[in-house]
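The structure appears right after this line, and notes come after that.
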Amino acid sequence: MSPTPADPIAVLFDIDGTLVDSNYLHIDAWDRAFAEAGHPVAVWRIHRSIGMDSGKLLERLLGDHAADLSDAVKQAHARNYSEMSDRLRPFASARELLDELSRRGHRVVLATSAPQEELDALLAVLDVADAVDAVTSGEDVEAAKPEPDLVNIAVERAEVTPDRALLVGDSVWDIYSAARAGVRSIGVRSGGYSSAELLEAGAAAVYDDVADLLAHLEESPIVASTYEI
């Protein structure tokens, strides 16, 4: 039987490291925050935790000192990151990809747990309001990625069922979160995770970045999912 068109799926996008080149600013902000608190952490360990819920990140990196230092480190990170916000920039073709998906009838949701102040800066940099149907923020959930809560809310706001949604993210935490919510995912390497790691975590496909995804959109799981056999 030939494939027949189905309703376009909803596409959920992580923002940090996926649409906006911000991961390494976060790493620097966390690095300096830990040092300010008198508890320096190896930068590679910070990098491997980027994309997690901040509470889980702090527990993972502070260990037994988390109860005493988490609040101070989190506040210092927010301050350090805010001071670097002028260095935020969208990845090449991020706007064009969202515009194209919207033009094709996909519901586009920005699925992030960023605090509202950070989210405002990210949205200003992206400037894609016309292509976006809904946005989440850290205020929507108590536990962020890799828990499924944020993806569940994004699916709800897209007004689809999980099987008609697909998440695009740069970290294994994005991929794990999507899987726990029953949502398929695409990985991009722009956040610093390898193709092998993203595929092992459960991504259906991996691209270098959103520009690469746009260039190969016709062969991607996004387009393939708009057909039913």
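The values are calculated or read from the model by the stated rules, or taken from the named source; none is laboratory data. All of these numbers come straight from a predicted model, not from anything done at the bench. Cβ atoms come from the backbone with ideal geometry, glycine included; neighbour counts cover every protein chain shown. Keep in mind that these areas ignore ligands, DNA and RNA; they rest on the heavy atoms of the full protein, side chains included. Shrake-Rupley method; radii C 1.70, N 1.55, O 1.52, S 1.80 Å.
Taking a ≥ b ≥ c as the square roots of the Cα gyration tensor eigenvalues, region 104-198 comes out rounded, since a/c falls below 1.5. Highest-first packing order for the peptide set 154-160, 64-70 is 154-160, 64-70, based on the mean count of other beta carbon atoms within 10 Å.
If the viscosity is 0.692 mPa s and the temperature 37 °C, what translational diffusion coefficient in µm²/s does Stokes-Einstein give for region 1-72 when Rh comes from Kirkwood over Cα pairs?
On the way: Rh = 14.4 Å.
Estimated via Stokes-Einstein, D reaches 229 µm²/s.
Here is the size of region 27-157 from its Cα atoms: Rg then Dmax, 16.3, 51 Å. All other residues with a Cβ under 13 Å from the Cβ of ALA37 taken together, and with Lys, Arg as +1 and Asp, Glu as -1, what is their net charge? Charge balance in the 13 Å sphere: -1. Judged by the ratio a/c of the largest to the smallest principal axis of the C-alpha gyration tensor, the chain counts as prolate, that ratio being 1.5 or greater while a/b is larger than b/c.
Keeping every protein chain present and rolling a 1.4 Å probe, give me the accessible area per residue for region 157-210 in Å².
38 Å²
Between the amide H of LEU167 and those of LEU12, ARG184, SER185, ILE186, distances stay under 5 Å, these residues lying 5 or more places away or on another chain, with hydrogens modeled in the peptide plane.
Could you calculate the contour length gain from GLU159 to ARG103, that is, 0.36 nm times the residue separation minus the distance between their Cα atoms, to one decimal place in nm? Walk me through the numbers on the way to the answer.
On the way: separation 56, 0.36 × 56 = 20.16 nm, distance 1.79 nm.
Stretched fully, the GLU159-ARG103 segment lengthens by 18.4 nm.
Using only the alpha-carbon atoms, how far is helix 116-126 inclined from the longest principal axis of the chain? Give it as 0 to 90 degrees, nearest 10. Taking Cα atoms only, the helix is inclined about 50 degrees. For region 1-151, the solvent-accessible area with a 1.4 angstrom probe is 47 square angstrom per residue. Each Cα pair under 8 Å and six or more residues apart adds its sequence gap; the mean of these over the residue count of the chain is a relative contact order of 27 percent.
For region 1-130, averaging the sequence separation of C-alpha pairs within contact (under 8 Å, six or more residues apart) and dividing by the residue count gives a relative contact order of 39 percent. Of the accessible area of region 9-123, with the probe set at 1.4 angstrom, what percent is carbon plus sulfur? Roughly 46 percent of what the probe reaches on region 9-123 is carbon or sulfur. Stretching LEU217 away from HIS65 to a fully extended chain increases their span by 50.2 nm, per 0.36 nm per residue minus the current alpha-carbon distance.
All other residues whose Cβ lies under 11 angstrom from that of ARG107 are scored, Lys and Arg at +1 and Asp and Glu at -1, for a net of 0.
Measure nothing fancy, just the Cα-based angle from helix 23-36's long axis to the longest principal axis of the chain, in degrees from 0 to 90, nearest 10. Value to nearest ten degrees: 20. Summing Lys and Arg as +1 and Asp and Glu as -1 over all other residues whose Cβ lies under 10 Å from the Cβ of ALA143 gives a net charge of -2.
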